[in-house]
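The values are calculated or read from the model by the stated rules, or taken from the named source; none is laboratory data. As the structure is a prediction and not an experimental result, all values here were calculated from the model. Because the Cβ atoms are built from the backbone with ideal geometry, glycine has one as well, and the counts that use them run over all protein chains shown. Side chains included, ligands, DNA and RNA excluded: accessible areas come from the protein's heavy atoms. Shrake-Rupley method; radii C 1.70, N 1.55, O 1.52, S 1.80 Å.
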Amino acid sequence: MRRLSLDRIEASPELIDAKIDTTSRALIAQAQADGHWRFELEADATISAEYVLLKHYLGEPAKSDLEDKIAAYLRRIQAGDGGWPLFHGGSSDLSASVKAYFALKMIGDAPDALHMRRARDLILVHGGAAQSNVFTRTLLALYGDIPWRAVPVMPVEMMLLPRWFPFHLSKISYWARTVLVPLMVLQVLKPKARSRNGIDVQELFVTAPSSERKWPRGAHQTSTWAHLFRMIDAVLHKTERFFPKGSRERAIQAAIAFVEERLNGQDGLGAIFPAMANAMMMYNALGYPGDHPRMVSAREAIERLLVVKSNEAYCQPCLSPVWDTVLACQALFEAESDDARRYGLGGIAWLKRRQVLDVAGDWAATCPHVRPGGWAFQYGNPYYPDVDDTAVVVMTMHRAQALLPPMASLALEEPIARGREWVIGLQSRNGGWGAFDTDNSYAYLNHIPFADHGALLDPPTVDVTARCVSMLAQLGDKPEPGSPLARGIEYLLAEQKDDGSWFGRWGINYIYGTWSALCALHAARVDPHSDAMRQAVDWLIRIQNPDGGWGEGGDSYRLDYRSYQPVQSTASQSAWALLGLMAAGEAEHPAVSRGIEYLCNTQGQDGFWPEEHFTATGFPRVFYLRYHGYPKFFPLWALARYRSLKAGTVGARDWVGM
């Protein structure tokens with residue numbers, strides 16, 4: 001093999017074969033005994049800090065060994081300026097820093113320790129804890145560090161509002177719903193933490209909280225709507241205590257019923273940490289003892305989120321087994337070895353058992369005539385199946401059919417049909433798809449004071465829509481005028497940016513969106529020479545890094561972000577760019593060759609790719625994710641796709657949606 005430089009090796013066919021084989025074996029070795037995969041899902045410091053603070057809030061005995069490990073983790077991810085960022089290498093975030101400092105102090109770190117002084121100095125320089133976001137201020141109010149007037153009022157009576165009212169639970173996202181409902185009960189009861197050690201963080205305030213009169217709003221909340229809602233909030237603060245007791249009690253009971261119907265056993269309310277934690281605090285405030293079945297169930301769900309290692313521990317925001325498994329299966333099917341196919345089919349068998357067929361979840365409020373048929377992201381979350389996961393599972397099952405004997409292939413027809421039916425049923429009026437709901441586009445609600453994060457809604461997005469378009473095209477749908485496929489394609493084309501890229505909601509960012517859209521347009525047989533695809537190809541080639549890879553940071557979600565800014569290459573984002581370029585017919589382009597060389601030259605000894613950077617998105621500008629599985633299966637997928645195309649098996653890939 002010819003060396004290109006001291007450290008860089010040309011990606012010969014033999015080298016690519018070896019890389020694919022090494023990664024395939026490593027990925028297979030990480031399969032669970034029942035055939036599925038689950039990798040770590042890491043967020044910023046806030047989830048782990050909230051876990052510590054929840055345990056102390058409830059007055060539960062501290063597990064010193066576990067807390068010591070969480071403290072070690074929090075100290076390790078502290079930034080050089082003393083704060084904690086929302087993603088690796090990002091700027092320190094005030095709210096994340098307040099929570100991390102509070103948790104470390106609660107664990108026992110001395111306030112005068114160097115790392116604590118540096119954190120405190122950063123927080124004070126940025127205005128103090130009073131300038132933190134709504135969720136952080138709510139936590140501080142529960143601990144008695146600030147008055148409840150610092151938190152926007154969300155009256156529990158909203159549980160009783162009719163569907164036609166401007167605010168209704170069905171008009172906000174699933175994650176907002178499950179977090180907000182128990183929180184509204186807490187706002188009524190206004191309990192105070194039962195922590196045994198009396199720790200507070202008054203030193204984090206520039207002005208004493210009792211004297212503070214101006215509390216912040218979200219950076220996006222500058223419209224007339226925002227001003228109107230702030231006036232309404234001011235009125236609610238003055239009048240809430242006079243609300244009729246009868247309607248308040250009915251509303252509390254409605255909130256409790258909502259939570260209990262969706263409590264979800266060991267998988268937890270909404271299967272996400274913030275909702276689970278609020279449910280536990282709600283039950284505690286209502287007087288449920290620690291050994292009550294509801295409390296025990298909620299606690300078990302939270303404990304399952306912990307990642308405990310020899311010297312560190314952290315809490316995940318949720319678990320991602322369905323997403324990890326289906327993407328691992330796609331990569332292994334692409335690799336095409338006998339073992340890869342066998343393990344991929346094992347993953348399909350596991351996924352088949354996870355389809356939700358008997359629960360009409362919250363999505364049915366807007367789609368009452370649609371039958372259930374989706375897949376959730378987590379092990380169990382039947383009220384909240386995920387459109388994105390469902391579309392990818394359907395595509396992967398359809399792909400698996402070609403590898404199975406006739407009877408086994410036939411057994412996948414019904415799951416595929418039900419999944420397709422459910423996805424089509426959740427298409428929004430504008431032709432796009434959201435992640436969990438239909439037409440969840442009430443933009444004015446992102447301006448209520450509670451929504452300072454700007455993520456109250458689940459509107460249609462390019463990436464989810466692209467997956468649905470890919471699914472329909474792979475299954476053989478035609479873009480007849482007015483058809484779900486045609487409307488989806490029209491949505492994608494309308495959403496393309498002037499520079500040729502597409503926005504990515506669930507992955508960072510324009511690289512993710514552009515990969516998703518190009519795969520969909522290719523699957524739908526859009527001419528690769530069309531303006532839309534040419535502009536996207538030109539954009540991807542233009543932003544390639546000198547090392548041959550691609551990278552993009554969480555800062556690309558800034559409200560004032562105007563154009564791509566170079567960031568260190570990552571394996572997963574490089575794989576997305578490569579898959580997008582290959583979907584657009586550019587397997588022979590030099591940029592693709594350089595990208596393949598980048599992957600070959602950066603593979604680790606374990607067969608995977610090191611990747612500390614966060615490449616996924618929970619909520620833009622607020623919450624980011626590091627999927628530990630992404631640098632395991634996406635680079636394998638890209639290398640194997642490249643090998644197939646270079647070998648001339650182009651026709652064999654024309655029908656694959658991703």
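Looking only at residues of the stretch 604-627 that are open to solvent by 30 Å² or more (accessible area, probe 1.4 Å) and either of a type in the set (Lys, Arg) or over 13 Å from the mean Cα position of the chain (by Cα) (or both), we find that the one that is farthest from Gln316 (Cα to Cα) is Gln605.
If we scan the stretch 311-323, do we find a residue that is of a type in the set (Phe, Trp, Tyr) and open to solvent by less than 50 Å² (accessible area, probe 1.4 Å)? Scanning the stretch 311-323, I find at least one residue that is of a type in the set (Phe, Trp, Tyr) and open to solvent by less than 50 Å² (accessible area, probe 1.4 Å), so the answer is yes. Scanning the stretch 187-212 for residues that are open to solvent by less than 20 Å² (accessible area, probe 1.4 Å) and touching a Pro at 6+ places or on another chain (Cβ under 7 Å) yields one hit, Pro209. Remark: pairs (first residue in the stretch 531-544, more than 17 Å from Pro590 (Cβ to Cβ); second residue open to solvent by 10 Å² or more (accessible area, probe 1.4 Å) and aliphatic (A, V, I, L, M); Cβ separation under 7 Å; 6+ apart in sequence or on different chains) = Ala532/Leu493; Met533/Val526. Filtered by the rule that a residue be part of a helix (DSSP H, G or I), hydrophobic (A, V, I, L, M, F, W, C) and more than 14 Å from Gly551 (Cβ to Cβ), the stretch 503-517 gives a lone residue, Ala517. Summed over the stretch 105-136, residues that are among the aliphatic types (A, V, I, L, M), open to solvent by less than 40 Å² (accessible area, probe 1.4 Å) and touching a residue at least 24 places away in the same chain (Cβ under 8 Å) total 8.
The helices (runs of 4 or more DSSP H) found entirely in the stretch 363-428 that carry 2 or more residues being at pLDDT 95 or above and either farther than 27 Å from Leu305 by Cα or in contact with a His (Cβ under 9 Å, 6 or more places away or on another chain) (or both) are 387-401, 413-425. For Asp68, the criteria (1) at pLDDT 95 or above; (2) closer than 30 Å to Tyr283 by Cβ; (3) touching a helix residue (DSSP H, G or I) at 6+ places or on another chain (Cβ under 7 Å) hold in every case but one, which is (3).
In the stretch 139-186, the residue that is farthest from Asp437 (Cα to Cα) out of those that are polar (S, T, N, Q) and open to solvent by less than 10 Å² (accessible area, probe 1.4 Å) is Thr178. Take Arg342 and tell me if it is touching a residue at least 12 places away in the same chain (Cβ under 8 Å), among the charged types (D, E, K, R) and either on the phi < 0 side of the Ramachandran plot or not in a loop (DSSP other than H, G, I, E, B) (or both). So Arg342 fails the test.
In the stretch 89-103, the condition of being basic (Lys, Arg) and at pLDDT below 95 is met by no residue. Is the stretch 564-571 home to any residue that is open to solvent by less than 50 Å² (accessible area, probe 1.4 Å), modelled with pLDDT of 95 or more and not in a strand (DSSP E or B)? Yes, that holds for at least one residue.
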